[in-house]
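Peer 1: One structure, as structure tokens, below. Some questions next.
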Amino acid sequence: MPVLSWILIASSVLWQLAEPNGSGTQMGTLPRSWRTGGPTCENIPEWEIHEYNPDFYILRENGCVNYEKPFLFLFFGRDRCLLIDTGAGETHVARTVSQLIDKWSTKHHRDSLPLVVGHSHSHDDHIGGDGQFRARANTTMVPLTVEGTQKVFGISQWPEDTGHIDLGGRILDAVPIPGHDVLSVAYYDRQTGVMLTGDSVYPGRLYVRDFPAFVKSTQRLVRFTDGKILTHLLGNHIEQSRTPYLDYKIGTKYQPDEHSLELGRGALLELNDALAHMQAPVRRAFRDFTIWPVSDPAGPATGPNK
């Protein structure tokens with residue numbers, strides 16, 4: 001057989017071997033839909049708990065408890081676990097998280113792991129349960145200050161530099177992304193390739209309070225994710241419906257046809273491109289989100305302080 005034919009055959013075999021295989025990430029699953037609190041609110045649990053994989057849980061607050069329906073994220077490492085956000089309003093969130101930690105510890109024949117509680121940002125619908133965790137044993141709270149956040153995650157210069165936290169065999173990067181809120185932080189889990197983007201990128205209304213900072217933060221996320229495995233962008237809310245360009249109005253508890261929680265890097269690139277071409281802050285709708293500038297940096301958009 002001619003040498004060229006052997007080369008072509010070898011190349012074909014190598015090409016076929018290069019199949020998608022997870023690229024070394026720990027895989028997980030997301031639900032096709034979430035319970036959102038309806039159509040009635042009888043016998044509705046406060047929290048929907050989804051096991052993405054055995055070491056990563058996603059919690060969603062029910063719309064019957066609070067219409068914001070925020071998501072919380074719980075990561076387990078070898079030495080400690082990390083919770084991002086504590087929800088909105090009055091719930092038994094610390095008890096629920098403690099039960100999950102006990103469940104994980106029992107399964108792994110371990111003593112209960114220390115807990116670190118961080119935040120996506122400082123708005124009320126994401127820090128509602130902070131007081132419960134301050135009173136919880138074996139728990140470290142990340143302060144709701146730039147300085148405190150820098151110290152815990154080792155961020156040298158805010159917001160230009162990134163930091164991280166090591167849970168023991170599991171590292172999450174912390175990327176400052178002010179613009180929605182001065183304390184907005186994105187988290188990248190190297191183990192699953194999941195990035196948490198808070199209220200800065202999610203299927204809904206992206207309330208922008210500091211437009212120049214938001215533009216720079218979006219650019220920072222694009223640079224950070226360049227070349228990295230990015231399985232999902234997970235924000236803190238779902239406000240968009242599955243119908244393109246159509247959202248659920250503020251105060252909606254029951255969202256039977258809501259958008260999926262997860263977005264891809266394409267949504268981030270689309271947002272970055274749109275911001276780069278804006279001469280001034282303007283409200284603009286896209287298929288999966290809406291850029292929604294807020295004139296008063298200290299106040300809400302048209303209702304919630306999101």
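Peer 1: So how do 108-120, 55-67 stack up, highest first, on mean other-Cβ count within 10 Å? Don't jump to the answer; show the numbers that get you there.
Peer 2: On the way: 108-120: 17.5, 55-67: 21.6.
Descending mean neighbour count gives 55-67, 108-120.
Peer 1: Report the Cys residues of the chain lacking a disulfide-compatible partner, meaning no second Cys Cβ under 4.7 Å from their Cβ.
Peer 2: Here CYS81 come out as lacking a disulfide-compatible partner, given the Cβ-Cβ threshold of under 4.7 Å.
Peer 1: Restricting things to alpha carbons, find the Rg to Rh ratio for region 88-237 using the Kirkwood radius for Rh. Please report the intermediate quantities before stating the final value.
Peer 2: Values: Rg = 15.8 Å, Rh = 16.3 Å.
The Rg/Rh ratio comes out at 0.97.
Peer 1: Students often get this wrong, so check it: of LYS151/LYS228; LYS103/LYS249; LYS69/LYS107; LYS107/LYS249; LYS216/LYS249; LYS151/LYS253, which have C-alpha atoms separated by over 31 Å?
Peer 2: Details: LYS151/LYS228 25 Å; LYS103/LYS249 37 Å; LYS69/LYS107 29 Å; LYS107/LYS249 42 Å; LYS216/LYS249 28 Å; LYS151/LYS253 37 Å.
As for pairs spanning more than 31 Å Cα to Cα, those are LYS103/LYS249; LYS107/LYS249; LYS151/LYS253.
Peer 1: Next question, about the same structure. Just need the relative contact order of region 32-293 here, percent rounded to a whole number, with Cα pairs under 8 Å and 6+ apart. Provide the component values of the computation, followed by the final result.
Peer 2: Numbers: 560 pairs, mean separation 40.3, N = 262.
Relative contact order comes out at 15 percent.
Quick note: the coordinates plus some simple rules give every number you see, no bench work behind them. From a predicted model like this one, the values you see are computed outputs, not experimental measurements. When we count neighbours, we look across all protein chains shown, and the Cβ atoms used for this are built from the backbone with ideal geometry, even at glycine.
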